[in-house]
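What follows is a set of notes on a single structure, which appears directly below.
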Amino acid sequence: MSQGNAHLVSMPLVPLLPLFHSLNREHFDGKLIRGSKPIVSIRWSDGRLRKTAGFYRRRSCPGVKTRAEIVLSKPLLEHLPLVAIESTLCHEMIHAWVDLVLCVQEAHGFNFHKRMDAINSSQKRFHISVLHKFPVVKKPPKWVAICPSCGLRFSYQRRVPGAACRQCCNIYHGGSWNSNCLLTYISASKEV
């Protein structure tokens, strides 16, 4: 291969399962596995996840076993150092731990922050934050959502039915979704 094409070759992706097991032992007291298997599946995205470094989700369908998974963005993380992968995976593992171990439904609420702060103070290898600062090409938002209670504004690419202000839900409703916090949308072009 000529040197001119060397920039097109990427390093193989790091296997996520060994990282998961290591982080589970170090920061979650081994609670994210049952027997020898993770209670959440872990995988790299298929290449379409380009706007976020990763996510955790749990799906329930009638008549089907509940499935929880962590997906990390191959396009965003494959060229970054291992610490970026570790911090992203650990961030998503906190979501899984809060949901599956504590059985609490919250996004970046009290339990998430408490575990994140404990992990950050217990080691110096990587840093977990609520928002990652990885290089992401951002499109201008199409919508601006406004909280009727506090007036906070949020940028969105699409309208999300039923979205509520997380801050107001956490402060005034114990972290539970409440219709008083429903966001209203205006076109971002009218915001200028």
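FYI, it's all coordinate maths here, none of it is from the lab. Here the structure is a predicted model, which means the values were calculated and not measured. Virtual Cβ from ideal backbone geometry, glycine too; neighbours counted across all protein chains shown.
Positive end of the dipole of the range 11-122 (Cβ unit charges, origin at the Cα centre): among 39, 66, 13, the Cα lying farthest that way belongs to 66. Of the trypsin sites (Lys or Arg not before Pro) found in the range 146-192, those that fall in a DSSP loop while having at most 16 other beta-carbon atoms within 10 Å are 158, 159.
Among rounded, prolate and oblate, which fits the range 51-125 when a ≥ b ≥ c are the square roots of the eigenvalues of its C-alpha gyration tensor, a/c under 1.5 means rounded, and a/b larger than b/c means prolate?
oblate
Mind checking which aspartates and glutamates have their C-alpha under 16 Å from residue 37, skipping anything on the same chain fewer than 8 residues away? Partners within reach: 29, 69. Each Lys and Arg Cβ is given +1 and each Asp and Glu Cβ -1; about its Cα centre, the range 11-122 then shows a dipole of about 460 debye. Highest GNM mean-square fluctuation among 128, 94, 146, for the chain modelled with Cα contacts below 10 Å: 146.
From the cross-link list 31/74; 31/133; 51/74; 51/124; 51/190, which pairs have alpha carbons spaced over 18 Å apart? Each step should come with its number before you reach the end.
Values: 31/74 26 Å; 31/133 28 Å; 51/74 11 Å; 51/124 27 Å; 51/190 24 Å.
Pairs exceeding the cut-off: 31/74; 31/133; 51/124; 51/190.
Take the alpha carbon gyration tensor of the range 10-141, find the square roots of its eigenvalues, order them as a ≥ b ≥ c, and report rounded if a/c is under 1.5; if not, report prolate when a/b exceeds b/c, else oblate. Rounded shape, in that the Cα axes give a/c under 1.5.
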